[in-house]
Amino acid sequence: MIWVSWRQHRGQAISCLAVLAALAVYAILLGTSMRTAFGHDALTACLAHSQGTVCPAAVHAFTDRFGSEVNIAFWSVTLIVPGLIGVLVGGSLIARELEYGTWRLAWSQTVPRARWLAVKLALVTGGLIVLGAAMTAVITWYRAPMDRLTGHLEHNIFDFEGLVLTAYILCAFGFAVLAGLLLRRSIPAMVAAFIPWLAIRLVIEFVFRDHFLAPLTATVNCTQETCGEGIGFVPQATGRIGDLVLSIQGNVVTYQPADRFWTFQFIEAGIFVALTAAALGATIWLLHRRAA
Amino acid sequence: MFRFRLDGSSGVPPYLQLVHQVRQSLLLGYLREGDRLPTVKDVAGDLAINPNTVVKAYRQLEHEGLAGGRPGQGTFITATSSPALPEAQQALRESLEEWLRAAEEAGLSSEEITALIAVARHDLKKEKVS
Amino acid sequence: MTQNDAGDSPLALRTDHLGRRYGRVWGLRDCTLEVPAGAIVGLVGPNGAGKTTLLEMIIGLLQPTEGQLSVFGETLHAPMTARLARVGYVAQDHPLYRDFSVADMFHLGRSMNPSWDQELAQARMEALDIPLKRKVKALSGGQRAQVSLSMALAKRAPLLVLDEPVSSLDPVARLEFMREVMATAAESGLTVLIASHVVSELERFCDWLIVLTGGQVQLAGSADDLIAEHQVLTVPRATLDADLPGFPVHRTDSDRHSTVLVRTEQGRPVAREHPGWQADPVGFEQLIMAYLQRPSRSAAKDDTAQAAARPGPSTKAVSR
């Protein structure tokens, strides 16, 4: 049964490897040149002593040169890529068998359909976890120099490091597998899973994430106009690289400290993993119940 | 190996068709005493028919004394058929030919002749019963 | 060789008031059958009559809503693995994974069936000249059917279920397919259940019959016994059904006479009892067609239906 699951998803696995390879190529090229520039501009020493306040010109030169990836088109695409991967892999898992009638073949062999599904899900989920981890590792590696300047609580960076990327993929996958069982057609299942996934994704990121834990406040010696350059710049208004500034009112800065990165990662990833478990659990239960 | 045929549209049950073919072949000399008939599996696989049909046919042939099974070896033809019909049948054959000629001269078609024979046989059966 | 001594051989299939409901509609109801091992059964009925429902319950793809079922002794309470292992199945249109090669399909069979006979599968491909490396999508319809059949046979299950196995095949492919089935049945005593709505082809294959219409079994039993229990009577037009011996199945009225198919005990001498009547044996196809044309009964029981259910002394099956 393991061989069967592998063989049926072999094509998808190869496609995913190709995506990963393309990403790796991009990452290696960009990451190498970033590291060269970083060393060249002696930014390491500057950051160690002053969190970047002493060498604003060098910092700006670096961020201007490599910060272009932070443009809307690019990030819109990368927002949806984990979701696409998840629904493309999951939408056809059960639905294709139902669409093409091969369920009559698959479920009349000497393997009860619950075991058929469990083995398949275990294998594919495992593969997606490996893919997510690899993609996260590649992205984290290439971004390392930039992260030293910006930290990684920022919205667009947070989405690709730590645990959440893998969790996004799994959730989209789980939704799509369930949709495939309910709708019995691959493409409609992919669409029907993607839309709620995207909605949840956006809501959690833009409504809830900043407040996973109550933000801290600090008083500073500057105002919104004068605190360095305000939100998102190096260093942040709190004076520490990596803090996420939420707002500045008068002299009071509301922010999430940099050391909450992993806590927030666990919270957000936990939400998506719980959704994945619910979707896959429902799928297994429904399939078992239909057979009974 | 002797090969059977099956006419799916003839209305004659398959096992009888097999029996008839053996009888016919015996009469014509295509099958002789000691010839081995094909195995049930061979016939079933050749004609795409139920193996039980072949078993029935071979049992019928055994019943008629035309063939017999040797355990482990197959089914073999046991009868000799003589090309010459016994005398009584010969006489009947001649009067039949005369009657057929007369019927044709009277203008009966082939189907009418067959129908006439069927009706006559049926009436005779009824007579016997009552 | 197949033997049909129903007295000693095990039952391939046994159902007891088996039924399946889809929402409000009963796809199959009140199905009670006993089929001996080694039989080659024709399951006949129009589309929507419940053939697929019955087959899927036998295979284990569908659970009944009511009643009992056992296949070679494995009942509904047996573990699913044991139930699935009893049946080899070729679904209509012979579904296979199009991107797999033939070898891949057999690997799947080996992977999912502990009783898989790889040598049998490979030998059949060799005999039929189908290369193992070829992808399923590159095979002809007839070749795909043969691969499907090989997969079902290599599973070495005692019951083979074929759902409309040849309806999508050209005549030569049909013949090749059924040749393989019959040869295997001859060799291994396989029990075969063939669902079809094409009646004319069944006589040469089947020694057992089940006729289904409207979700109900109309007729079931060994073909020989059923034919022996029925006669076609030619009677005067005025004769009432009540005056007929046995149970009238199908009646055609002309101006002066009627032709009635009746079911009686085997060998009943109707012609001797009624000199003015003619009694002829019924043909295989004629018998099936007569039962197919009966109006399907509602789920409510009625007396005439129960009269038809009276089995002859030598039939094993009960039909209602």
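Here, each number is a calculation from the coordinates, and none is a lab measurement. A quick note: this is a predicted structure, and the numbers were derived from the prediction, not measured. Note: ideal-geometry Cβ built from the backbone for every residue, glycine included; neighbour counts use all protein chains shown.
A few remarks follow.
- Estimated D of chain A in µm² per second, where Rh is the Kirkwood radius over Cα pairs and Stokes-Einstein applies at 20 °C, 1.002 mPa s: 102
- Calculated FRET value between A:Ile14 and B:Glu64, using beta carbons and R₀ = 51 Å, to 0.05: 0.15
- When C:Glu203, B:Glu112, C:Glu176 are sorted by how many other C-beta atoms sit within 10 angstrom of their C-beta, beginning with the fewest, the order is B:Glu112, C:Glu176, C:Glu203.
- Pairs spanning more than 29 Å between alpha-carbon atoms, out of C:Lys51/C:Lys133; A:Lys120/C:Lys135; B:Lys41/B:Lys125; A:Lys120/C:Lys51; C:Lys51/C:Lys155: C:Lys51/C:Lys133; B:Lys41/B:Lys125; A:Lys120/C:Lys51.
- Residues C:Thr75, A:Thr219, B:Thr75, arranged from fewest to most other Cβ atoms within 10 angstrom of their Cβ, appear as A:Thr219, C:Thr75, B:Thr75.
- Dipole of the protein assembly as shown [Lys/Arg +1, Asp/Glu -1 at C-beta], most positive-end residue of C:Leu292, A:Ala279, C:Ile58: A:Ala279
- One Cα centroid belongs to region C:212-236, the other to region A:131-159; the line between them spans 77 Å.
- Antiparallel bridge percentage (DSSP; both residues within chain C; nearest 5): 70
- Dipole magnitude (debye, nearest 20) for chain B, charges at Cβ of Lys, Arg, Asp, Glu: 740
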